[in-house]
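Here is the structure we will look at, set down as structure tokens.
Read the figures in this text as sums done on the coordinates, not as results from a lab. Because the structure is predicted, anything quoted here is derived from the model rather than measured. Cβ sites come from the backbone with ideal geometry, for glycine too, and all protein chains shown count toward neighbours.
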Amino acid sequence: MKVSETSLEGVLLLEPKVFGDTRGFFLESWNARVFRDATGLTCDFVQDNHSRSAKGVLRGLHFQLVYPQGKLVRVSQGRVWDVAVDVRKSSPTFAQHVAVELSESNQHQLWIPPGFAHGFLVLSDYADFQYKTTDYWMPQHERSLRWNDPALGIVWPGLEQSYQLAGKDRDAPLLSALSAEGALYD
């Protein structure tokens, strides 16, 4: 596995070894020992999630204020623009983001540690998005950060008017409002 650091400390781009021939391919999407040896991290994943979304669906930016989740994300079908935003107020990279394309073609994965908001935009006709989490989903602690907050400066590909968002994402508060109400990590 090849591991590349991103512009945000702790967010890692992972490239698993893919073995392919005319019959297809094989890759190990998760191996605790390989992950630990390549990253120096030990993760206790407690939940696996799989979502399918149509082209133009934008999900996020989500995080859990209590019981923060680390996420190992990948795309098994299609393509997405994947974004992680540092929402730790004491971090030197607070309010900064990293964005990468994850696809069935590149087979890349992104490790997003606790303390980051996460979201993605589907670029293909549909995408199957899979991720492991280090803590359970607890809807009462979930928060959303506005995907197009000017303070974040995220450039999402495609045409904004064609994005499909859930109400909670479309109407999510700006970073300044979350900060004022104490809804960010210290």
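Of note:
- The chain, dipole about Cα centre (Lys/Arg Cβ +1, Asp/Glu Cβ -1), debye to the nearest 20: 160 debye
- Three-way shape call for the chain based on the alpha-carbon gyration tensor, with the a/c threshold at 1.5: oblate
- DSSP-assigned coil residues among chymotrypsin sites (Phe, Trp or Tyr not before Pro) in the range 102-186, each with at most 11 further Cβ atoms within 10 Å: Tyr136
- Derived scalar couplings between HN and Hα for the range 150-162 equal x, 5, 8, x, 6, 9, 8, x, x, 9, 3, 5, 9 Hz in order, rounded to whole Hz, by the Karplus curve 6.51 cos²θ - 1.76 cosθ + 1.60 (θ = phi - 60°), x for Gly and Pro.
- Taking amide H positions as modeled 1.01 Å from N, with prolines and chain starts lacking one, the residues under 5 Å from His108 and 5 or more places away or on another chain are Ser103.
- Among the trypsin sites (Lys or Arg not before Pro) within the range 1-46, those in coil by DSSP and having at most 13 neighbouring Cβ atoms inside 10 Å are Lys17, Arg23.
- With the helix formula -39500 (n - 2.57) applied to DSSP H stretches of n ≥ 4, the chain reaches a computed 222 nm mean residue ellipticity of -2000 deg cm²/dmol.
- Nearest-20 debye value, the range 117-186 charge dipole, Cβ charges on Lys, Arg, Asp, Glu: 20 debye
- Here's the picture: a label point sits 7 Å out from the Cα of Ser90 along the beta-carbon direction, and within the range 144-186 the residues with their amide nitrogen under 19 Å of it are 179-186.
- Fewest-first ordering of Ser29, Ser162 by other beta carbons within 10 Å of each residue's beta carbon gives Ser162, Ser29.
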